[in-house]
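Inspection log for the structure reproduced underneath, given as structure tokens.
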Amino acid sequence: MKILVTGGTGFVGGHLIGELLAEGRNQVYVLVRDSGKLATCAFKDRVSVLRGDLFASEPFPDDIELVFHLAAVTKAISPGEFTRVNIEGTRALLARLQPLKNLKKVVLLSSQAAAGPGRSPDPVSEETPAEPISLYGRSKLGQEQILAAQCPVAHVIVRAPIVFGPGDMDMLDVFRIVNRGIIPILGRGERRYSVIYVKDLVRGMIAAAFSPCGNEIYYIANPEAIEWRSFMEQVARLLGRKNARRIRVPEFCGRILAEFSELRIRAFGKKAIFNRDKFNEMKFPAWVCSTAKIEAQLHFQPRIPLAAALEETIAWYRKRDLL
């Protein structure tokens, strides 16, 4: 199958392309804005490169059959960047897909942030009304709405919770803190999250892409949610930091740190994952989603146990001397 991937040089995109190529029967086209990022990708000599971005690039091949749309901004210097890339970029991409006569499906990688946190004891499901609480979440919901309204063919929206694995640089700071013998905990209440290992996430995306389903939303996550403190304690054990100290950070201190991070972002023009927007999400104690729909309709479940996934992630960090 001839497949176009946007965001292919990113964390999830790299794993997705690797899995698509491993099947041996796919020709993969990658939309590449930054050639420097492509140079470090293991798949660079096995894909067809289209230079450009969501708004303008080399022409898309007429015989593209499937599109995975992963290109998005997850952290920004200004709020308008979320709108321009995530919403308007998606609109521009869909307009350019209109002439492709062989196109069968578009798969969008979205986020649980588009739906917002849980506000009841039950996990959020695909039917739960979306109530995003961050700029990023609102832009991802807007992206989903543009796709649903303007996609020229069947589409699938995959909402991912916390994603981790080899190549993930957003969780690296947390692993580094734990490696120093500290387990950071925000506030006093229990905090529960859904998580997914990147290799299982891309397997689920591919399962949805090649299934008969269309115009659907799916959550892909481990069936069991994690409690943050227990998750960090497991990371500490795997890092050999069995005596790591739990340090509680009061919410007002977290807010001050978020404000300080925001000032640095604006002063130096350097993006960071932790800011006021992220803190607004972290304040909520439950980000748990239901996987019942994808299990029932696609018979999909993650394969890799949490401990093995964490071990692979830590091994990747250590091999590159990042910890």
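The values are calculated or read from the model by the stated rules, or taken from the named source; none is laboratory data. The model shown is predicted, which means the values in this text are computed figures rather than measured ones. A quick note on method: Cβ atoms are made from the backbone with ideal geometry, for glycine too, and the neighbour counts reach across all protein chains shown.
The table below lists the values:
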item: Filter result for Glu281 (modelled with pLDDT of 95 or more and among the charged types (D, E, K, R)); result: no
item: Residue list for the stretch 237-252, restricted to those being assigned to a loop (DSSP other than H, G, I, E, B) and surrounded by fewer than 14 Cβ atoms within 10 Å (Cβ to Cβ); result: Gly240, Lys242, Asn243, Pro250
item: Residues of the stretch 98-123 satisfying the condition of being farther than 20 Å from Tyr218 by Cα and in a strand (DSSP E or B); result: none
item: Selected residue (only one of Thr90, Thr74, Thr9 is assigned to a helix (DSSP H, G or I), of a type in the set (Ser, Thr, Tyr) and in contact (Cβ under 8 Å) with a residue 12 or more places away in the chain); result: Thr90
item: Residues being closer than 23 Å to Trp316 by Cα, aliphatic (A, V, I, L, M) and in contact with a strand residue (DSSP E or B) (Cβ under 7 Å, 6 or more places away or on another chain) - total across the stretch 149-200; result: 10
item: Residue in the stretch 137-148 that is in contact (Cβ under 8 Å) with a residue 60 or more places away in the chain, touching a strand residue (DSSP E or B) at 6+ places or on another chain (Cβ under 6 Å) and acidic (Asp, Glu) present; result: yes
item: Ala221 vs. criteria in contact with a Cys (Cβ under 8 Å, 6 or more places away or on another chain) and not hydroxyl-bearing (Ser, Thr, Tyr); result: yes
item: Filter result (surrounded by 11 or more Cβ atoms within 10 Å (Cβ to Cβ), of a type outside the set (Val, Ile, Thr) and not in a strand (DSSP E or B)) within the stretch 30-50; result: Arg33, Ser35, Lys37, Leu38, Cys41, Phe43, Lys44, Arg46
item: Test result for Glu19, in contact (Cβ under 8 Å) with a residue 60 or more places away in the chain and of a type in the set (D, E, K, R); result: yes
item: Single unsatisfied condition, Ile177 versus (1) aliphatic (A, V, I, L, M); (2) touching a Lys or Arg at 6+ places or on another chain (Cβ under 9 Å); (3) surrounded by fewer than 18 Cβ atoms within 10 Å (Cβ to Cβ); result: (2)
item: Failed item, numbered, when Gly80 is tested on (1) of a type in the set (Gly, Ala, Ser); (2) at pLDDT 95 or above; (3) more than 20 Å from His155 (Cβ to Cβ); result: (2)
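Okay, residues lined up against (1) among the β-branched types (Val, Ile, Thr); (2) surrounded by fewer than 17 Cβ atoms within 10 Å (Cβ to Cβ):
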position: Pro79; (1), (2): no, yes
position: Thr83; (1), (2): yes, no
position: Gly89; (1), (2): no, no
position: Gln98; (1), (2): no, yes
position: Lys101; (1), (2): no, yes
position: Val107; (1), (2): yes, no
position: Ala113; (1), (2): no, no
position: Gly116; (1), (2): no, no
